[in-house]
2 protein chains.
Amino acid sequence: MARIVQKFGGTSVGDIARIKNVALRVKAEVDRGNQVAVVVSAMSGVTNQLVDYCTQMAPLHDAREYDAVVATGEQVTSGLLAIGLQELGIQARSWAGWQIPIISDDAHGKARIESINGAAMIAEMEKGHVAVIAGFQGIAPGNRVSTLGRGGSDTTAVALAAALKADRCDIYTDVDGVYTTDPRIVKSAKKLDKVTYEEMLEMASLGAKVLQTRSVEMAMKHHVRVQVLSSFSDARGTLVCDEDEIVEKALVSGIAYSRDEAKVTLIGVQDAPGIAAGIFGPLATANINVDMIVQNISRDGTTDVTFTTPRADLERALKVVKDSMKVPYKSIDTDKAVVKVSVIGVGMRSHAGVAQTMFKALADKNINIHIISTSEIKVSVLISEEYTELALRALHTAYGLDAA
Amino acid sequence: MARIVQKFGGTSVGDIARIKNVALRVKAEVDRGNQVAVVVSAMSGVTNQLVDYCTQMAPLHDAREYDAVVATGEQVTSGLLAIGLQELGIQARSWAGWQIPIISDDAHGKARIESINGAAMIAEMEKGHVAVIAGFQGIAPGNRVSTLGRGGSDTTAVALAAALKADRCDIYTDVDGVYTTDPRIVKSAKKLDKVTYEEMLEMASLGAKVLQTRSVEMAMKHHVRVQVLSSFSDARGTLVCDEDEIVEKALVSGIAYSRDEAKVTLIGVQDAPGIAAGIFGPLATANINVDMIVQNISRDGTTDVTFTTPRADLERALKVVKDSMKVPYKSIDTDKAVVKVSVIGVGMRSHAGVAQTMFKALADKNINIHIISTSEIKVSVLISEEYTELALRALHTAYGLDAA
């Protein structure tokens, strides 16, 4: 007997027929003799509707109330799936975040799980009951409902798998695994059988969108084996696991991209010690993510500082820069039509020349690079958005990833 | 400073614009220097949608899961209204049933409130915060969400008003008060300034539909002053209160009617001691409401027994009669085209002749009475449904209720 956590996203539970289909998939796992906990998202469209209601009530609204409203979407799905399982003769019950409880911090709207007290749930699972958990939520100090932010149901599933010491965490989604790059853009993209946590982390945070970053970090930390697979096919998925489990490591595993980027350049910043702190301190205080940062060489005692933020944060970032920043500058330039393209692979740790291959492939297509950023297992460049497809195809070929 | 509980039903919070309108009404009460707790229903249509989802998953479903699903509707509204109040500069927070907590029994789907621990909420209200409460729900044993059944938000409001020792409980609805009869049928119907709990109870249970019966019972028990008023106008509503508060008591306060009736006649029932128990015992066991009962004088050792049930229960009642009843009878006759018309007034306690006025008024219009039933403060008759309007108008005039 194994203990399995399954997670079904919004598309997989998009309507009543699909929730019934999910009930059948859960039953198949139960029929194999396994203990099963199922984490569900809100039915697709529901979360957007609820977020929209909050925004209509007030463009800037109390995150605690937002959480109280938005968390209901998952609660509905969990109750419905429990009914669906019971209809198939399986004992099941729903659990809202506060019922388990999943304890989170008070960063409402993007809370982090602090602990899960799975005792009550485990007791019921050991009696053969399937636990159906409303994903994406917890309970914050003051007995308030919290949400973990978009995509947070993945995090719920992985945290739960860790708390339950589950043998595997199966993330059912609308893609059937992790590909070498976006197969909608590059027809020759291949599905990966296995990928390491580190690689997946880079792919997720760079916009591969298959798994939420935080869930992968958590899986890595707790060594939770995560399988990404499709709820609409029976094909084997991609296993995200420790490097040890992967025998043959590729130099480059995949090419990821993220359109969710905006570039901000502060022109003519007074160059003096502490300017970086002066610029990025207020942004950090305002909880605005800053990703790539470039500071050019100083000319005439001034310098240009460029950074990227998620597009959704751009307006807030500009407001922070204008209102709170003490560092003097001449002007601000912004660009939303940019994309970040990254090559990723644990193999590149021990190989030089990976970056050079990238720069050459892009240069061959006359694609101008705005910013470069590198880490141990990835090289990222910011380029104009219009070159996205061209760049992905060129890089996929350059690293020999095209399917035979 | 007074402490006021306000309750807004599904139509009053039917969309975002209406929730904003409700926020303004709450603000007006706050601006008068009052402490305010607001109970809200789900946005109109939402509860039906959620119930429909449950039924689609399984026609017969676990009431605990039904509750987990359906209770979310009110949680959404409470969060949205809290946001709307904050947008108007008022400190406010939402409270789900389990957060207060409102403790209920475990009769899921139609739970009863056992107690309310208002301490945490009162503490926040005394700091000037408006409490926005998700109506219709509580927390049942085992930490499960419960719902109080349809119309339960009224009960939440009254129970809360009792727990908070509120000065008044204002029930905002889509009508602007309690009328002497249905103004859609009788144009000369007048709005009542005040009505006693007893009268309201008869009107509610007889189909006046303004307040849920259980909420009126609870208001009477705890002496909660309830005002019924419209969320779409500024007109003064009707106060439901103790008889002591009403100086001039009318002989008859109103004429109510209920179309939700079905008549069943058992013809040729063997007349012997215990036949009433033999007939109504099985119906009670099957949880079928029986309202009016008439047993005629015995002829030839047999008698006819007539009773009424809610129309929705008729098929089940007939099945019980046919399957479980031990008392022999010749045949069954049923009639769904009937209406119960009642004249109600605390004043009739001390006056004879109220029933006679009714019978004469109906006789003058050639309306045949099938069944008569009386209580201390009401006289009800069952007549053919086609005479509903004629009977209401005739009685309204006969008791001098027509507006000048």
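The values are calculated or read from the model by the stated rules, or taken from the named source; none is laboratory data. Keep in mind that this is a model prediction, so the values were computed, not measured. Cβ coordinates were reconstructed from backbone atoms using ideal geometry, including for glycine residues, and neighbour counts include every protein chain displayed.
Evaluate the range B:182-191: report whether one residue or more is of a type in the set (D, E, K, R), in contact with a strand residue (DSSP E or B) (Cβ under 6 Å, 6 or more places away or on another chain), modelled with pLDDT of 90 or more and not assigned by TED's automatic domain parsing to the domain that holds B:A157. So far as the range B:182-191 goes, yes, one or more of its residues are of a type in the set (D, E, K, R), in contact with a strand residue (DSSP E or B) (Cβ under 6 Å, 6 or more places away or on another chain), modelled with pLDDT of 90 or more and not assigned by TED's automatic domain parsing to the domain that holds B:A157. Every condition in (1) in contact (Cβ under 8 Å) with a residue 12 or more places away in the chain; (2) touching an Asp or Glu at 6+ places or on another chain (Cβ under 6 Å) is met by B:V22 except one, and the failing one is (2).
Of all the listed residues (B:A361, B:A391, B:A355), the sole one being out of contact with any Leu (no Cβ under 9 Å at 6 or more places or on another chain) and assigned to a helix (DSSP H, G or I) is B:A355.
Show me the strands (runs of 3 or more DSSP E) found entirely inside the range A:128-181 where at least 3 residues are under 30 Å from A:G33 (Cα atoms), within 14 Å of chain B (Cβ to nearest Cβ) and modelled with pLDDT of 95 or more.
Per the criteria, A:130-134.
Restricting B:R93, B:R64 to those that are surrounded by fewer than 24 Cβ atoms within 10 Å (Cβ to Cβ), at pLDDT 95 or above, basic (K, R) and farther than 22 Å from B:R112 by Cβ reduces the list to B:R93. Among the residues of the range A:333-352, those that are assigned to a helix (DSSP H, G or I) and not hydrophobic (A, V, I, L, M, F, W, C) comprise A:G347, A:R349, A:S350. Quick check: is even one residue across the range B:212-222 touching a helix residue (DSSP H, G or I) at 6+ places or on another chain (Cβ under 9 Å), surrounded by 23 or more Cβ atoms within 10 Å (Cβ to Cβ) and within 20 Å of B:T397 (Cα to Cα)? Scanning the range B:212-222 turns up no residue that is touching a helix residue (DSSP H, G or I) at 6+ places or on another chain (Cβ under 9 Å), surrounded by 23 or more Cβ atoms within 10 Å (Cβ to Cβ) and within 20 Å of B:T397 (Cα to Cα). Being more than 8 Å from chain A (Cβ to nearest Cβ) and over 17 Å from A:A96 (Cβ atoms) is the filter here, so list the residues in the range B:50-72 that pass it. B:V51, B:D52, B:T55, B:P59, B:L60 - these are the residues of the range B:50-72 that are more than 8 Å from chain A (Cβ to nearest Cβ) and over 17 Å from A:A96 (Cβ atoms). Checking each residue in the range B:323-346 for being of a type outside the set (A, V, I, L, M), out of contact with any Ser or Thr (no Cβ under 6 Å at 6 or more places or on another chain) and either surrounded by 19 or more Cβ atoms within 10 Å (Cβ to Cβ) or closer than 21 Å to B:M292 by Cβ (or both) picks out B:Y329, B:S331, B:T334, B:D335, B:K336. When the criteria are applied in full, A:G33 fails the requirement of being in the same structural domain as A:S12 (by TED's automatic domain parsing), under 23 Å from B:Y53 (Cα atoms) and small (G, A, S).
Taking B:S230, is it under 25 Å from the mean Cα position of the chain (by Cα), surrounded by 18 or more Cβ atoms within 10 Å (Cβ to Cβ) and either closer than 16 Å to B:I332 by Cα or modelled with pLDDT of 90 or more (or both)? No; evaluated as a whole, the condition is false for this residue. Of all residues assigned to the range A:67-86, none qualifies as being among the small types (G, A, S), over 23 Å from A:E29 (Cα atoms) and surrounded by fewer than 20 Cβ atoms within 10 Å (Cβ to Cβ). Apart from one condition, B:Q75 fits all of (1) more than 26 Å from the chain's Cα centre (by Cα); (2) closer than 26 Å to B:A162 by Cα; (3) within 7 Å of another protein chain (Cβ to nearest Cβ); the exception is (1).
The combined condition, being in contact with a Phe, Trp or Tyr (Cβ under 9 Å, 6 or more places away or on another chain), closer than 14 Å to A:I255 by Cα and crowded, with 20+ Cβ neighbours inside 10 Å, is fulfilled by A:L392.
Let's see how each residue does on (1) closer than 25 Å to A:L50 by Cβ; (2) more than 16 Å from the chain's Cα centre (by Cα); (3) polar (S, T, N, Q):
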| residue | (1), (2), (3) |
| --- | --- |
| B:Q86 | yes, yes, yes |
| B:W98 | yes, yes, no |
| B:E126 | no, yes, no |
| B:G138 | yes, yes, no |
| B:T156 | yes, no, yes |
| B:Y179 | no, no, no |
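In the range A:105-114 there is no residue matching the filter, namely being under 23 Å from A:M43 (Cα atoms), touching a residue at least 60 places away in the same chain (Cβ under 8 Å) and more than 24 Å from the chain's Cα centre (by Cα). Here B:D323 passes the criteria (1) at positive phi; (2) of a type in the set (D, E); (3) in contact with a helix residue (DSSP H, G or I) (Cβ under 9 Å, 6 or more places away or on another chain) except the one numbered (1). Does at least one position in the range B:10-29 carry a residue that is in contact with a His (Cβ under 6 Å, 6 or more places away or on another chain), in the same structural domain as B:V130 (by TED's automatic domain parsing) and of a type in the set (S, T, N, Q)? Scanning the range B:10-29 turns up no residue that is in contact with a His (Cβ under 6 Å, 6 or more places away or on another chain), in the same structural domain as B:V130 (by TED's automatic domain parsing) and of a type in the set (S, T, N, Q). Taking strands (runs of 3 or more DSSP E) as the structural unit, those lying wholly within the range B:241-321 and holding at least 2 residues that are buried (at least 16 other Cβ atoms within 10 Å of the Cβ) and touching a residue at least 40 places away in the same chain (Cβ under 8 Å) correspond to B:254-270, B:302-309.
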